[in-house]
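The values are calculated or read from the model by the stated rules, or taken from the named source; none is laboratory data. Because the structure is predicted, anything quoted here is derived from the model rather than measured. Positions of Cβ are generated from backbone atoms using ideal geometry, with glycine treated the same way; all protein chains shown enter the neighbour counts.
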Amino acid sequence: MKRILTIQDISCFGKCSLTVALPLLSAMGIETVILPTAVLSTHTMFKNFTVKDLSDQLEPITRHWKEEGITFDAIYTGYLGTEEEIDTVIEIIRTFRNDKTLVFIDPAMADNGKLYPAFDEHYARKNADLCAIADITVPNITEASYLTGLPYLETYPEDYVKNMLQALAALGTRTPILTGVSLSEGKTGAMGFDSETKEYFVYQHDRIPVSYHGTGDIFSSVLAGAFVLGLDRTKALKIAADFTEMTIAQTQKNPDKPWYGVDFEAVIPDLVDMLR
Ligand code: PXL
């Protein structure tokens, strides 16, 4: 069985980061090891959330794993907290990486043109250090614009996406994949660039014109899982995007339509079916 380490916060209520990565990766048949960076009462889109930073636990926990000889097929990072924590995570990746380890970085820090409440521009730029050591990074357009310094646009031609991907590759990532990319009216999806072969790859599907919190983490978790399972990138992108869309469609059927996260639990069997 493949084994992945995922490093992100636990938002106890709110369906994002570890509370989606763990169930989804487990459902995909991957042993999922978690390294929680902080415990929050809710994600940061709620008001008055509490935070207990766990940065000082990362080094002792991972030192113990090293002493136990524990290894990982992949390391997947998501929402982190501080610049120091990014340095610690880079060190952890260096410690556990070998020539087969897939390093998958989701620089979760911003969306819809704005940084998340806990972050400033300095933190945003620091994420470039993490992307520099990634095999795959999956920023949305807002995050990519903070990482590269290129302007954030809401509507754009394909060349804008290609330039953004090249700028992300110039940071050091082997295969940047931009998410939330719309290449025609009514469509959305992702576009990637393999900086070694210089190939672009793309997946677009119909867009349900609503936005829910936590869907970026669902996409990243499933995409990371699909790569770990060895699926080719076109299939991996399709499964991650189609499943994310399914979670949104499912939530639309719920009369309460929770704003804080999608009803992904109800469609986990479909994810398992897609992998058969
Ligand atoms: O979904 C990304 C995310 C993860 N973790 C926390 C968040 C957010 C987005 O707001 O607040 C704590």
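Do we have GLY113 as surrounded by fewer than 23 Cβ atoms within 10 Å (Cβ to Cβ), closer than 28 Å to ASP242 by Cβ and modelled with pLDDT of 95 or more here? So that I can check it myself, show each step before the final result.
On the way: surrounded by fewer than 23 Cβ atoms within 10 Å (Cβ to Cβ): yes; closer than 28 Å to ASP242 by Cβ: yes; modelled with pLDDT of 95 or more: yes.
In short, yes.
Can you report the number of residues in the stretch 221-261 which are touching a Gly at 6+ places or on another chain (Cβ under 6 Å) and either crowded, with 23+ Cβ neighbours inside 10 Å or without any contact (Cβ under 8 Å) to a residue 12 or more places away in the chain (or both)?
Start the filter on the stretch 221-261 by keeping residues that are touching a Gly at 6+ places or on another chain (Cβ under 6 Å), which leaves 241, 260-261.
After this cut, where a residue has to be either crowded, with 23+ Cβ neighbours inside 10 Å or without any contact (Cβ under 8 Å) to a residue 12 or more places away in the chain (or both) as well, the list is 261.
Selection size over the stretch 221-261: 1.
Just a yes or no: is a residue in the stretch 94-110 surrounded by 20 or more Cβ atoms within 10 Å (Cβ to Cβ), in contact with a Cys (Cβ under 6 Å, 6 or more places away or on another chain) and touching a residue at least 60 places away in the same chain (Cβ under 8 Å)?
Yes, the stretch 94-110 contains at least one residue that is surrounded by 20 or more Cβ atoms within 10 Å (Cβ to Cβ), in contact with a Cys (Cβ under 6 Å, 6 or more places away or on another chain) and touching a residue at least 60 places away in the same chain (Cβ under 8 Å).
Working carefully through the options ILE75, ILE133, find the one that is of a type in the set (A, V, I, L, M), in contact with a Gly (Cβ under 7 Å, 6 or more places away or on another chain) and surrounded by 16 or more Cβ atoms within 10 Å (Cβ to Cβ). Reasoning before the result, please.
Working: ILE75 fails: in contact with a Gly (Cβ under 7 Å, 6 or more places away or on another chain).
Testing whether each residue is of a type in the set (A, V, I, L, M), in contact with a Gly (Cβ under 7 Å, 6 or more places away or on another chain) and surrounded by 16 or more Cβ atoms within 10 Å (Cβ to Cβ) leaves just ILE133.
Among the numbered conditions (1) closer than 30 Å to ARG276 by Cβ; (2) crowded, with 17+ Cβ neighbours inside 10 Å, tell me where ASP206 comes up short.
Condition not satisfied by ASP206: (2).
Can you go through SER211, SER195 and tell me which one is at pLDDT 95 or above and of a type in the set (S, T, N, Q)? Show your work before the answer.
On the way: SER211 fails: at pLDDT 95 or above.
Just one listed residue meets the conditions, SER195.
For GLU85, are the conditions met, namely being out of contact with any Ser or Thr (no Cβ under 6 Å at 6 or more places or on another chain) and acidic (Asp, Glu)?
Numbers: out of contact with any Ser or Thr (no Cβ under 6 Å at 6 or more places or on another chain): no; acidic (Asp, Glu): yes.
No.
For the stretch 197-230, how many residues meet the condition of being farther than 17 Å from GLY29 by Cα and either within 14 Å of the ligand (Cβ to nearest atom) or assigned to a strand (DSSP E or B) (or both)? Spell out the reasoning first.
First pass over the stretch 197-230, keeping only residues farther than 17 Å from GLY29 by Cα: 197-217.
Applying the additional criterion that residues be either within 14 Å of the ligand (Cβ to nearest atom) or assigned to a strand (DSSP E or B) (or both) yields 199-206, 211-217.
Number satisfying all stated conditions: 15.
Can you confirm whether the stretch 37-50 contains a residue that is of a type in the set (A, V, I, L, M, F, W, C) and in contact with a helix residue (DSSP H, G or I) (Cβ under 9 Å, 6 or more places away or on another chain)?
First pass over the stretch 37-50, keeping only residues of a type in the set (A, V, I, L, M, F, W, C): 38-40, 45-46, 49.
Next, only the ones that are in contact with a helix residue (DSSP H, G or I) (Cβ under 9 Å, 6 or more places away or on another chain) stay: 38.
Yes, some residue in the stretch 37-50 is of a type in the set (A, V, I, L, M, F, W, C) and in contact with a helix residue (DSSP H, G or I) (Cβ under 9 Å, 6 or more places away or on another chain).
Quickly run through the stretch 9-30 and pick out the residues that are among the charged types (D, E, K, R) and over 22 Å from ASP270 (Cβ atoms). So that I can check it myself, show each step before the final result.
So in the stretch 9-30, the residues among the charged types (D, E, K, R) come out as 9, 15.
Listed by number, the list holds a single entry, ASP9.
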